[in-house]
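**Student:** Before I ask anything, let me first share the structure, which is written out below as C-alpha cells.
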Amino acid sequence: MNVETREKLYEGKAKIVYETDRPGTIVQYFKDDATAFNALKKGTIVGKGVINNRMSATLFERLERAGVPTHYLATLSDREMLCRRLDIIKIETIVRNVVAGSLAKRTGLEEGTAITQPVVELYYKSDPLGDPMLNDEHVRMLRLATPAELTWMKRTALKINTILKPHLARRGLLLVDFKLEFGRQSRKLYLGDEISPDTCRLWDSRSKEKLDKDRFRRDLGGVEEAYQEVYRRLVTGEVSTK
C-alpha cells in the first residue's frame, strides 16, 4: 500500500504517530524504547517494535472479524501500521482475569488468584497525575466520556476479553489482564492503541512464567526472549515445548 508519511504529530513512550496524505488516517511507528513506572524506569527491548506491531495487527484483525471496530487499517512495514485517526478518550480501560500488579497491592489478594468474573477498571490517562484510578462519577465530573460512551467502552472491553482469552489459551497463554484505549472518529467509537506484551500481562498457561513487560519492570531478565515467545505463539503459530 502506497501511503505518504508527513508531519510527526506525537511521540510517546512506545510509538511515534505521523500524519499521512490520506484524510482521517495516521501511521503508528512502533519503537524499541521501554518505560515503566510512569517513565521513571527507561530502557530498550531489542525488536519490541516489530513484535508489537505484528502482534497488534494480528489481534486487531481477529477482533474486526468478531465485530469489534478498531482503528487498524493495514500493516505498512515491520514497524508501521496505518490506522484511523482518532480523538483518543483519556480513559485507560483495564480488564482483569487474574490478580496481579496493582490489584494485588490494593486488595491484599495473592498474585495469581483467579477472578471468577472479569473486573473492569478505569484510569485517567494523564502522565502528570500518574494515571490515577477513576470511577464513573469521576468520568462524568471530568467530562471524559458520555454515559453512553462509557457503557459501550466497558461492554466492548468485556467482549474483547471473551474473544482474546480463549484465543490465547489455545496457544498456551494465560491472559492475566490488559489495557485498552478507545477513541472517536465521526462520532463513532473504535478500539485504538495496540495489543501487545506492553499492554497485556501474559503468562505461560502451565508454568505461569511471565511473558510480558513485567520482566522489564521487575528486572527478571529474558525480556526479549519472552516477547519473541509470545510472537511465535500468536503470529507464527508455534508453541514452545520447553
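**Student:** Among LEU86, LEU82, LEU59, which is aliphatic (A, V, I, L, M), crowded, with 17+ Cβ neighbours inside 10 Å and closer than 17 Å to THR199 by Cα?
**Tutor:** Values: LEU86 fails: closer than 17 Å to THR199 by Cα; LEU82 fails: closer than 17 Å to THR199 by Cα.
Criteria check complete, one pass: LEU59.
**Student:** Filter the stretch 187-209 for residues that are charged (D, E, K, R), buried (at least 23 other Cβ atoms within 10 Å of the Cβ) and at pLDDT below 95 and give the result.
**Tutor:** ASP198
**Student:** Quick one: is VAL98 in contact with a strand residue (DSSP E or B) (Cβ under 9 Å, 6 or more places away or on another chain), surrounded by 17 or more Cβ atoms within 10 Å (Cβ to Cβ) and either over 22 Å from ALA36 (Cα atoms) or of a type in the set (Val, Ile, Thr) (or both)?
**Tutor:** Yes, satisfied.
**Student:** Separate question: Those residues that are modelled with pLDDT under 95, in contact with a helix residue (DSSP H, G or I) (Cβ under 6 Å, 6 or more places away or on another chain) and in a strand (DSSP E or B), I need them from the stretch 21-75; list them, please.
**Tutor:** ALA34, ALA36
**Student:** For residues in the stretch 76-122 being without any contact (Cβ under 8 Å) to a residue 12 or more places away in the chain and in a strand (DSSP E or B), which is farthest from the chain's Cα centre (by Cα)?
**Tutor:** Only one residue tops the list, namely THR116.
**Student:** Let me ask another. Scan TYR72, TYR18, TYR10 and give me the residue that is surrounded by 15 or more Cβ atoms within 10 Å (Cβ to Cβ), over 17 Å from the mean Cα position of the chain (by Cα) and free of Cβ contacts under 8 Å to residues at least 24 places away in the same chain.
**Tutor:** TYR18
**Student:** Report, by residue number, each residue of the stretch 40-53 that is surrounded by fewer than 20 Cβ atoms within 10 Å (Cβ to Cβ) and either within 14 Å of ARG232 (Cα to Cα) or of a type in the set (Gly, Ala, Ser) (or both).
**Tutor:** Those that are surrounded by fewer than 20 Cβ atoms within 10 Å (Cβ to Cβ) and either within 14 Å of ARG232 (Cα to Cα) or of a type in the set (Gly, Ala, Ser) (or both): GLY43, GLY47, VAL50.
**Student:** List the number of the failed condition for ASP212; all other conditions in (1) in a helix (DSSP H, G or I); (2) buried (at least 21 other Cβ atoms within 10 Å of the Cβ) hold.
**Tutor:** (1)
**Student:** If you scan the stretch 131-172, which residues turn out to be surrounded by 14 or more Cβ atoms within 10 Å (Cβ to Cβ) and either on the phi > 0 side of the Ramachandran plot or of a type in the set (Ser, Thr, Tyr) (or both)?
**Tutor:** Correct list: ASP131, THR156, GLY172.
The values are calculated or read from the model by the stated rules, or taken from the named source; none is laboratory data. Keep in mind it's a predicted model, so treat the numbers as computed, not measured. Don't worry about glycine lacking a Cβ; one is built from the backbone with ideal geometry, like all the others, and counts go over all protein chains shown.
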